[in-house]
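The values are calculated or read from the model by the stated rules, or taken from the named source; none is laboratory data. As the structure is a computational prediction, the values presented were derived from the model and not from experiment. Cβ placement follows ideal geometry from the backbone for every residue including glycine, while neighbour counts extend to all protein chains displayed. Please note that ligands, DNA and RNA were not included when accessible areas were found on the heavy atoms of the full protein model with its side chains. Shrake-Rupley method; radii C 1.70, N 1.55, O 1.52, S 1.80 Å.
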2 protein chains.
Amino acid sequence: MAGAIDAAALDQIFLSARSQNKWLDKDVPDSLLKQIIDIMKMGPTSANCQPARIVFVKSAAAKERLKPFLSENNRAKTMSAPACAIIGYDVEFYENLPRTFPHNQSAKSWFTSSPSFAEATAFRNSSLQGAYFIIAARALGLDTGPMSGFDQKGVDGEFFTDGKVKSNFICSVGYGDPSGVMQRLPRLGFDDVAKII
Amino acid sequence: MAGAIDAAALDQIFLSARSQNKWLDKDVPDSLLKQIIDIMKMGPTSANCQPARIVFVKSAAAKERLKPFLSENNRAKTMSAPACAIIGYDVEFYENLPRTFPHNQSAKSWFTSSPSFAEATAFRNSSLQGAYFIIAARALGLDTGPMSGFDQKGVDGEFFTDGKVKSNFICSVGYGDPSGVMQRLPRLGFDDVAKII
């Protein structure tokens, strides 16, 4: 039975971590982006479905392709980030279940028989994986800037041209410049959001 | 600029952590359940919307109310868990925005003007918060057992009687018995799910 992780780690991944709006001019090597995925993938998903698909937009040319689909207040900060991850979900994630959930070869049929159940499962679990992505990046010493303000259909048409992946949210990754961090916004308390019965 | 958190912490929250199917007979004090929420709430949500609402089902009487809505393979293990959190989302989360996103008093109208945008925002962000919940519990030394196999409408009618909260997923919390852990299921690799452009 483990105790709590050390206070510095908890600070780094949750308590002191802040979403970033301004980025230091410091590259994030591809090897570190790959490490985010190697950590993220270990987080649990329903029936091990792993629907998240990630495009790291890193080169200047790729950023120019993303730019027109960003909402205006997200544009400049995203262009200056070392990388911006488009976190999407594969609507046909169930095609992988025979190898990722091998002990039940009928699992795929749970989803092929109900497109709305498949869509909800993909959206829920890619969101879980998006949160794992944020925490994994922070655990590696990176900062993140997650955003929902962008043209989803536009991004899908530009970056997910096979029509099987839909974007969920985007998340810049790099080393934040503390001067761009906003005042911490108020959180709802335990009694506002939870109860024990 | 921080480095990575220590290897033991990363193991505990991601790399060695496993979903549990069997629980030790060891109580989780209410104070520890409250700490999960105090950590979870610090994770980022879009426009600080914080839609997650949590009911910790802990007493024998409350567990009996949950029991009929669990899928058969989740029933016995959930009944034996010290607590099971129902993680839902408030479809009217935007009512809190004037105090949680105080610098933009028109933020509420983004959602009241589009019920489908409000629903997607609540579902996405409560899923992010559900993932924060899992990682926060692990960070505190607890084990988790997240599940999607339950009757959502039944749970909503029993536990969210005001009609404003919908269940997203459920997650048992406690101290896992290693004898119930299944073989680690295969993860998709970087090249299966991601690319850098």
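Helix-only estimate, please: 222 nm mean residue ellipticity of chain B, summing -39500 (n - 2.57) across DSSP H runs of length 4 or more and dividing by its residues, to the nearest 500.
Taking each H run of at least 4 residues, the total per residue is -11000 deg cm²/dmol.
How big is the Cα convex hull of the protein assembly as shown in projection, averaged over all directions, in nm²?
Result: 17.9 nm².
Along the Cα-to-C-beta direction of B:LYS34, a point sits 7 Å from the Cα; which residues of the stretch A:166-197 have their amide N less than 15 Å from that point?
Those under the cut-off are A:189-197.
Looking only at the stretch A:157-197, which residues have a backbone nitrogen under 16 Å from a spot 7 Å from the Cα of B:ALA61 in the C-beta direction?
Residues A:196-197 qualify, since their backbone N sits under 16 Å from the label point.
Give, rounded to the nearest 20 debye, the magnitude of the charge dipole that chain A has about its Cα centre when Lys and Arg contribute +1 at Cβ and Asp and Glu contribute -1 at Cβ.
Roughly 60 debye for chain A.
About its Cα centre, what dipole magnitude does the stretch B:86-141 give when the only charges are +1 on Lys and Arg Cβ and -1 on Asp and Glu Cβ, stated in debye to the nearest 20?
Computed charge dipole of the stretch B:86-141: roughly 200 debye.
Sorting A:GLU64, B:GLU158 by accessible area (1.4 Å probe), largest first, what list results?
In descending accessible area the options line up as A:GLU64, B:GLU158.
If A:LEU32, B:LEU66, A:LEU15 are ordered by their accessible area, calculated over protein heavy atoms with a 1.4 Å probe, which sequence runs from highest to lowest?
Correct descending sequence by accessible area is A:LEU15, A:LEU32, B:LEU66.
Find the eigenvalues of the gyration tensor of the Cα atoms of chain B, then list the square roots of 5 times those eigenvalues as equivalent ellipsoid semi-axes, largest first, in whole angstrom.
28, 24, 17
So if I place +1 on the C-beta of Lys and Arg and -1 on the C-beta of Asp and Glu, and nothing else carries charge, what would the dipole magnitude of the stretch A:1-98 be about its Cα centre? I want it in debye, nearest 20.
400 debye
Could you put B:MET40, B:MET182 in order of accessible surface area, largest first, with the 1.4 Å probe and the full protein assembly present?
B:MET182, B:MET40
Sort out for me the Cα centre separation of the stretch B:119-158 from the stretch A:14-93, rounded to whole Å.
What the calculation gives is 23 Å, centre to centre.
With the other protein chains left in place, how much accessible area per residue, in square angstrom, belongs to chain B at a 1.4 angstrom probe?
Here the residues of chain B average 40 Å² of exposed surface.
Evaluate 2.2 N^0.38 Å with N set to the residue count of the stretch A:11-99, then give the Cα radius of gyration divided by it.
Here the Cα radius of gyration is 1.28 times the empirical estimate.
Taking a cut-off of 16 Å between Cα atoms, list the aspartates and glutamates near B:LYS34, but don't count ones fewer than 8 places away on the same chain.
Qualifying aspartates and glutamates at Cα under 16 Å: A:ASP191, A:ASP192, B:ASP143.
Starting from the amide H of B:SER172, placed 1.01 Å from N in the peptide plane, find each other amide H under 5 Å away whose residue is 5 or more places distant or on another chain.
Close amide H contacts, sequence-distant or interchain: B:ALA85, B:GLY145, B:MET147.
Quick one: pull the percentage of alpha-carbon pairs in the stretch A:76-125 with a separation above 19 Å.
Value for the stretch A:76-125 (Cα pairs over 19 Å): 41 percent.
Restricting to lysine pairs 8 or more places apart or on different chains, what number in the stretch B:98-197 have Cα atoms under 29 Å apart?
5
Which of the listed residues, B:ALA131, B:ALA194, B:GLN183, is farthest toward the dipole's positive end in the stretch B:116-197, when Lys, Arg count +1 and Asp, Glu count -1 at the beta-carbon?
B:ALA194
Report B:ILE196's accessible area, 1.4 Å probe, all protein chains in place, as a number in Å² to the nearest 10.
Per-residue accessible area (B:ILE196): approximately 50 Å².
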